[in-house]
Amino acid sequence: MPSPLRKLQIPVYIIIAIASLFFFVISSDYLIFGDTSIENSVHIVIGRYYYYLFAVSLIFLIYGLYESYSGIKDTIDFNRYIGSESKKMFMEHLTELERISKRFDGSYEERLEEAKKKWKLKSLK
């Protein structure tokens, strides 16, 4: 049974990207621009860990943006290939459709099974 958290993948990655962008801006303000206005108010919280905060927030920002982009792209591709009126196009992208349906919640697997029945393909389960 698929996890109910699979539905929340894209919003969670977007939240990760936004939160890491916030910390990235705070740390880069001091490290890159040398502005101390934010440093005075944030120094109590993060101390002298600007370099670590900068590196970690940059990594999480890249990860969050990549996963958000990947999830949105997979959703768009899945809808395009499932809704296609061409059996050839559906067959060419069947492995990608199966990968996407496993990545997201059970409704994607159900839609894939319905499309397989539509094109009279055997299910591999």
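The values are calculated or read from the model by the stated rules, or taken from the named source; none is laboratory data. A quick note: this is a predicted structure, and the numbers were derived from the prediction, not measured. Please note: Cβ atoms are built from the backbone with ideal geometry, for glycine as well, and neighbour counts cover all protein chains shown.
Close Cβ contacts (under 8 Å, 6 or more residues apart or on different chains) running from residues in the range 107-121 that are touching a residue at least 40 places away in the same chain (Cβ under 8 Å) and more than 13 Å from Y81 (Cβ to Cβ) to residues that are among the small types (G, A, S) and surrounded by 14 or more Cβ atoms within 10 Å (Cβ to Cβ) comprise E109/S101. Please specify each residue of the range 70-95 satisfying the condition of being among the acidic types (D, E) and modelled with pLDDT under 95. Across the range 70-95, the qualifying residues are E85, E92. Of everything listed in (1) modelled with pLDDT under 90; (2) in a helix (DSSP H, G or I), the single unmet condition for K122 is (2).
Taken together, the residues in the range 65-118 that are more than 30 Å from I15 (Cα to Cα) and not in a loop (DSSP other than H, G, I, E, B) amount to 13.
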